[in-house]
Amino acid sequence: MEILRESAKALASATRILKKGGVVICPTDTIYGFLADATNKKAVEKIYQMKGRDAKKPLPIFVSGMTMAHQLAEIDAKQAKILKKFWPGKYTFVLKRKSGIKLYGVEKNTIALRIPDYKFLNQLQKKINRPLVQTSVNISGQESVRKIKDMEQFTQVDLVINRGALKKIKPSQIRDITQNKSMRLR
């Protein structure tokens, strides 16, 4: 497992690793997260395996912007207005998923999307130009890992982007906007 501080070198390395089907741990605007290319089945499976996560439990997706969000989900004018109000930011929204796009770790009919508000991660998203599954760095059901030294158990990770110890903060809020109203899930 390679550990790099946020830098141009780390950005290039993370881009290369994700495009080749690797897994990266990266700080977000909330916590450290596992990242993998959502179009790469083996990479997504690796995250499920490391976390001990139930394979039937879907993963949220980071998107690079509204264009990518529209490619993956059915978004009407009302939903677009909500998304533009809260993105980029600490809000994940569940939307109806478009069919015909091969993604792993997501449900058949819905998809949870987010545009984070974190410069390094946004730069990475633009470079890779692919949807990224993302989930907190932890064993499922346990508290999120906030220190690099506590990540050593995740030996299958290819790269860790080090921002130092993160403060304990709430994870992103998840809201379902597939119906006519917004419903908070977390």
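What are the residues whose amide H is under 5 Å from the amide H of T135, where those residues sit 5 or more places off or on another chain and H is modelled from the backbone?
HN-HN under 5 Å from T135: F34.
Aspartates and glutamates within cross-link reach of K9: Cα-Cα under 20 Å, excluding same-chain residues under 8 positions apart?
D37, D158
So how far, in whole Å, is the C-alpha centre of segment 1-29 from the one of segment 81-129?
19 Å
Work out from phi, with θ = phi - 60° and the Karplus expression 6.51 cos²θ - 1.76 cosθ + 1.60, the ³J(HN,Hα) of each residue of segment 137-153, listed in order in whole Hz, and give x for Gly and Pro.
7, 5, 7, 3, x, 9, 5, 5, 7, 10, 10, 4, 4, 7, 9, 4, 5
Would you pull out the residues with amide H under 5 Å of R175's amide H, same chain only if 5 or more places away, H placed 1.01 Å from N?
T92, F93, V94, L185
Helix 77-86 versus the longest principal axis of the chain: what is the Cα-based angle in degrees, 0 to 90, to the nearest 10?
For 77-86 against the chain, the angle is about 30 degrees.
Would you mind calculating the gained length between K170 and K149 on full extension (0.36 nm times residue separation, minus the Cα-Cα distance), in nm to one decimal?
Values: separation 21, 0.36 × 21 = 7.56 nm, distance 2.10 nm.
Once the chain is fully extended between K170 and K149, it gains 5.5 nm.
Can you say what percent of the DSSP beta bridges in segment 2-179, counting only those with both residues inside, are antiparallel? Round to 5.
Working: 17 of 29 bridges.
The answer is about 60 percent antiparallel.
Quick one: length gained pulling T39 to A77 fully straight, 0.36 nm per residue minus the C-alpha distance? Don't jump to the answer; show the numbers that get you there.
Details: separation 38, 0.36 × 38 = 13.68 nm, distance 2.72 nm.
My answer for the length gained is 11.0 nm.
In degrees between 0 and 90, to the nearest 10, how far off the longest principal axis of the chain does helix 119-128 point, with axes built from Cα atoms?
That helix lies at roughly 80 degrees to the long axis.
No lab work stands behind these numbers, since they all come straight from the coordinates. Fair warning: this is a prediction, and the values are worked out from it, not measured in the lab.
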